[in-house]
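To start, the structure itself, in structure tokens.
The values are calculated or read from the model by the stated rules, or taken from the named source; none is laboratory data. What you are looking at is a predicted structure, and each value in this text was computed from that prediction instead of being measured. Positions of Cβ are generated from backbone atoms using ideal geometry, with glycine treated the same way; all protein chains shown enter the neighbour counts. Just the protein is used for accessible areas: all its heavy atoms, side chains included, with ligands, DNA and RNA removed. Shrake-Rupley method; radii C 1.70, N 1.55, O 1.52, S 1.80 Å.
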Amino acid sequence: MSTQRLTRRMFLKTGGIALFTVGTGGPRFLTRAALAATGPGPNARRKVLVTIFQRGAMDGLMAVPTLDDRALRSVRPRLAMTAAKQAGEEAALDLGVGFGLHPGFAPLLPYWQEKRLAIVHAVGSPDPTRSHFDAQDYMETGTPGRKGTPSGWLNRAIGLLGHEASPFRAVAMTPAMPRSLYGDQPAIAVTDLADFRMRLPGAPEVASAAGAGFEALYHETSQRLLHDTASETFRAMGMLTPEQIARYQPADGAVYPESPLGHALRQIALLVKSDVGLEVAFAESGGWDTHVQQGTVNGTFARQARDLAQSIHAFWTDLGSRQDDVLLTTMTEFGRTVRENGSGGTDHGHGSCLFVLGNPVQGGRVHGTFPSGLDSAALYEGRDLPVTTDFRAVFCELAGKHLGIPDDARLFPGWTGRRLPLLRG
């Protein structure tokens, strides 16, 4: 492959892996990989931000309901949950701050009690769209209402870290590159590390080990961009051989669900503990578009909640002493209608809630501004939970304090708001 073909857009995809970089001034992936070997070693211990996108729009009022709200019970006769403790009643877990937690999220309750889990309520995008596609695009690019933004906010974040790093700096455990990681900075999307391999389009198949694939890329180009400095990068890639991945055992009795999210977080834990230079990780949780038979303690919502909570609990347990290095956040494109529909579900809404887990989190609190009531006069367009906290206020806080990114305006172009104080320090 010619250097000219590499300079505009390179997309490598085989065996469930994609590597993507965009640029106009040369093959930046190779350039940055070369620089990485001259800076801090690719196996340096780094702070890691883990993001989970709940695709489909999670019902924030089902996940974290207000307790004893008559207005909510009146418009959700089948879906409203209280903190009742009488046997047989479908009760939410009382968080002690006027809110409950859906029982499907019970594995997260200990972190709330330890003040390591925070909830941000009435959070979301200021754009009014109820289109999944548009809302996800706006949240992942970090530019609500603006289509065509070429980069995702996580890609911009890794570009603002201020140091060169391993090719494993940004990894999405997804079949395709998420919009959040599109951009000039190199990122990897892979569904299964055991099948991790890279090859150039039109080039012969290379060995499955990551290091061999990267060396094939090095030799395929006529450039000497990596030259003698490439060896350290190759060693970092070689830390994840198929044998090592196969031998990995979660620590401290952590048991991951047999689900795509459980599988993804198990592999992210492996990357964190393998010291391959991971700094941003992305995973997905689907199935939150609960138009029909949403249910309460059972049903579609409860199944998704249990999978999310059990996966996060296993991941956090598995991290052990590495918990100090990791911050985890969830996100969803918008919320659901306050009123239930005729099919026992909820329709596309506006505000929702998200979870933030980490040792420096100001946990045990529901952050943001929640309306004083859920009467129609307090709702967005008379039907939805309003967005009182812009999602960028949350993500700037996490990227700023955890990853050390001070420039909010470059992380989220056009935004002039203030961070939501979620982390200590």
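For every residue, the table says whether it meets (1) outside any loop (DSSP other than H, G, I, E, B); (2) under 15 Å from the mean Cα position of the chain (by Cα); (3) surrounded by fewer than 19 Cβ atoms within 10 Å (Cβ to Cβ); (4) aromatic (Phe, Trp, Tyr).
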residue	(1), (2), (3), (4)
Ala106	yes, no, yes, no
Lys115	no, no, yes, no
Ala122	yes, no, no, no
Pro126	no, no, yes, no
Thr129	no, no, yes, no
Asp137	yes, yes, no, no
Thr143	no, no, no, no
Leu161	no, no, no, no
Ala189	yes, yes, no, no
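Anything in the range 374-396 that is closer than 19 Å to Gly159 by Cβ and open to solvent by less than 20 Å² (accessible area, probe 1.4 Å)? List them, or say none.
Within the range 374-396, the first condition is being closer than 19 Å to Gly159 by Cβ, and the residues that meet it are 392, 395-396.
Answer for the range 374-396, where residues must be closer than 19 Å to Gly159 by Cβ and open to solvent by less than 20 Å² (accessible area, probe 1.4 Å): Phe395, Cys396.
For the range 405-425, how many residues are in a loop (DSSP other than H, G, I, E, B) and open to solvent by less than 50 Å² (accessible area, probe 1.4 Å)? Working first, answer last.
Here is the first cut: in the range 405-425, the ones in a loop (DSSP other than H, G, I, E, B) are 405-407, 412-422, 424-425.
Those left that are additionally open to solvent by less than 50 Å² (accessible area, probe 1.4 Å): 405, 412-413, 415, 417, 420, 422.
Within the range 405-425, residues that are in a loop (DSSP other than H, G, I, E, B) and open to solvent by less than 50 Å² (accessible area, probe 1.4 Å) number 7.
Just to be sure I understand the filter: pairs with C-beta atoms under 6 Å, separated by 6 or more residues or on different chains, first member in the range 62-83 and in a loop (DSSP other than H, G, I, E, B), second member of a type in the set (Ser, Thr, Tyr). Which pairs pass?
The qualifying pairs are Met81/Thr296.
Just give me the residues in the range 397-425 being among the small types (Gly, Ala, Ser) and more than 19 Å from Gly159 (Cα to Cα), in sequence order. Explain how you work it out, then say what you get.
Going residue by residue through the range 397-425, those that are among the small types (Gly, Ala, Ser) are 399-400, 404, 409, 414, 417, 425.
Scanning the range 397-425 gives Gly417, Gly425.
Taking into account only those residues within the range 50-74 that are out of contact with any helix residue (DSSP H, G or I) (no Cβ under 8 Å at 6 or more places or on another chain) and open to solvent by 10 Å² or more (accessible area, probe 1.4 Å), which is nearest to Phe168 (Cα to Cα)?
So, considering only residues that are out of contact with any helix residue (DSSP H, G or I) (no Cβ under 8 Å at 6 or more places or on another chain) and open to solvent by 10 Å² or more (accessible area, probe 1.4 Å), the one nearest to Phe168 (Cα to Cα) is Leu67.
Residue check, His348 against (1) open to solvent by less than 10 Å² (accessible area, probe 1.4 Å); (2) at pLDDT 95 or above, all met but one. Which one?
Condition (1) is where His348 drops out.
Would you tally the residues in the range 170-187 being within 22 Å of Ser285 (Cα to Cα) and either open to solvent by 30 Å² or more (accessible area, probe 1.4 Å) or part of a loop (DSSP other than H, G, I, E, B) (or both)? Explain how you work it out, then say what you get.
Kept after step one, since they are within 22 Å of Ser285 (Cα to Cα), are these residues of the range 170-187: 170-182, 187.
Those still in the list that are either open to solvent by 30 Å² or more (accessible area, probe 1.4 Å) or part of a loop (DSSP other than H, G, I, E, B) (or both) too: 173-179, 182.
Result for the range 170-187: 8.
What pairs come out if I take residues in the range 348-373 that are free of Cβ contacts under 8 Å to residues at least 40 places away in the same chain and pair them with residues that are surrounded by fewer than 18 Cβ atoms within 10 Å (Cβ to Cβ) whose C-beta lies under 9 Å away, six or more apart or interchain?
Ser372/Ala378
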